[in-house]
Amino acid sequence: MKLDSQHSYKALNSNTEILATELEELNYGRMFWKFDFNIDNHKNNNSLLKCEFEGLFVNLDNFKMESENGKYIYIPKYNPVIYNTNTKEFKEYKSPIEPQNNDFIRNYFFEDNLVILHQRSVYKINLENGDISNNTFDFGSVLLNDIRLSDRRFLLAFKNLKNYEDEEQEIKL
């Protein structure tokens with residue numbers, strides 16, 4: 001992802017767009033993207049979308065914006081915001097995970113759940129009832145790579161930093 005140009009993410013099932021406009025350093029090297037959230041080609045000014053102290057994660061190469069059914073739009077901030085395209089409502093979820101040394105890796109929508117993977121933590125938001133569950137690993141112990149759903153089980157792929165081996169294990173979310 002180029003850091004010196006704007007990036008646009010467009011939903012397939014609604015006229016919704018996230019435009020990463022400007023990279024900014026918040027403090028001590030912590031970076032984020034300022035952004036606009038557009039609905040029907042108009043900037044939305046909801047207070048949950050302000051970028052004063054928190055914007056989008058820097059590396060959004062593996063960011064998936066929209067749920068399979070198009071009902072939910074994920075706005076990848078430290079405290080994630082979900083936009084419901086049916087009700088036109090925004091909802092912020094308090095992240096159970098500290099941002100230090102825990103950058104965004106990727107996200108997936110599984111059924112009515114959003115799963116967000118960071119370098120050393122993963123959490124699941126049930127988009128219907130708002131429940132959050134998470135697993136966090138000690139700093140320096142793992143580097144998470146991916147997560148997949150197989151037979152209703154979450155399988156986490158990671159590099160074990162104790163032996164530098166690639167591993168996979170089931171986790172409960």
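The values are calculated or read from the model by the stated rules, or taken from the named source; none is laboratory data. Worth saying up front: this structure is predicted, and the values here are computed from it rather than measured. Positions of Cβ are backbone-derived with ideal geometry, glycine not excepted, and every protein chain shown enters the neighbour counts. Quick note on the areas: whole protein, heavy atoms, side chains included, nothing else; ligands and nucleic acids left out. Shrake-Rupley method; radii C 1.70, N 1.55, O 1.52, S 1.80 Å.
Just to be sure, is V81 in contact (Cβ under 8 Å) with a residue 40 or more places away in the chain and surrounded by 14 or more Cβ atoms within 10 Å (Cβ to Cβ)?
So V81 does not fit the description; no.
Output the residue which, of all residues in region 150-173 that are open to solvent by less than 50 Å² (accessible area, probe 1.4 Å) and not in a loop (DSSP other than H, G, I, E, B), is modelled with the lowest pLDDT.
Only one residue tops the list, namely S150.
Among what's in region 49-78 and is open to solvent by less than 20 Å² (accessible area, probe 1.4 Å) and not hydrophobic (A, V, I, L, M, F, W, C), pick the residue that is farthest from H118 (Cα to Cα).
Selected residue: G70.
Determine if region 84-102 includes at least one residue that is under 13 Å from the mean Cα position of the chain (by Cα), of a type in the set (A, V, I, L, M, F, W, C) and farther than 18 Å from H7 by Cα.
yes
This table checks each residue for (1) more than 29 Å from N160 (Cβ to Cβ); (2) assigned to a loop (DSSP other than H, G, I, E, B); (3) in contact (Cβ under 8 Å) with a residue 24 or more places away in the chain.
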position: L26; (1), (2), (3): yes, no, yes
position: N59; (1), (2), (3): no, yes, yes
position: N69; (1), (2), (3): yes, yes, yes
position: S133; (1), (2), (3): no, no, yes
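Residues of region 5-48 being under 21 Å from K71 (Cα atoms), open to solvent by 50 Å² or more (accessible area, probe 1.4 Å) and charged (D, E, K, R), which ones?
Listed by number, the residues that qualify are K10, D40, K43.
Quick test of your reading of the structure: I116 fulfils all but one of (1) open to solvent by less than 50 Å² (accessible area, probe 1.4 Å); (2) in contact with a Leu (Cβ under 7 Å, 6 or more places away or on another chain). Name the failing condition by number.
If we test I116 against (1) open to solvent by less than 50 Å² (accessible area, probe 1.4 Å); (2) in contact with a Leu (Cβ under 7 Å, 6 or more places away or on another chain), just (2) comes out false.
Return only the number of the condition from (1) over 24 Å from F32 (Cβ atoms); (2) in contact (Cβ under 8 Å) with a residue 60 or more places away in the chain that L127 does not satisfy.
In the conditions (1) over 24 Å from F32 (Cβ atoms); (2) in contact (Cβ under 8 Å) with a residue 60 or more places away in the chain, L127 misses (1) alone.
Which condition breaks for T87 when tested against (1) without any contact (Cβ under 8 Å) to a residue 12 or more places away in the chain; (2) hydroxyl-bearing (S, T, Y); (3) over 30 Å from T16 (Cβ atoms)?
The single condition T87 does not satisfy is (3).
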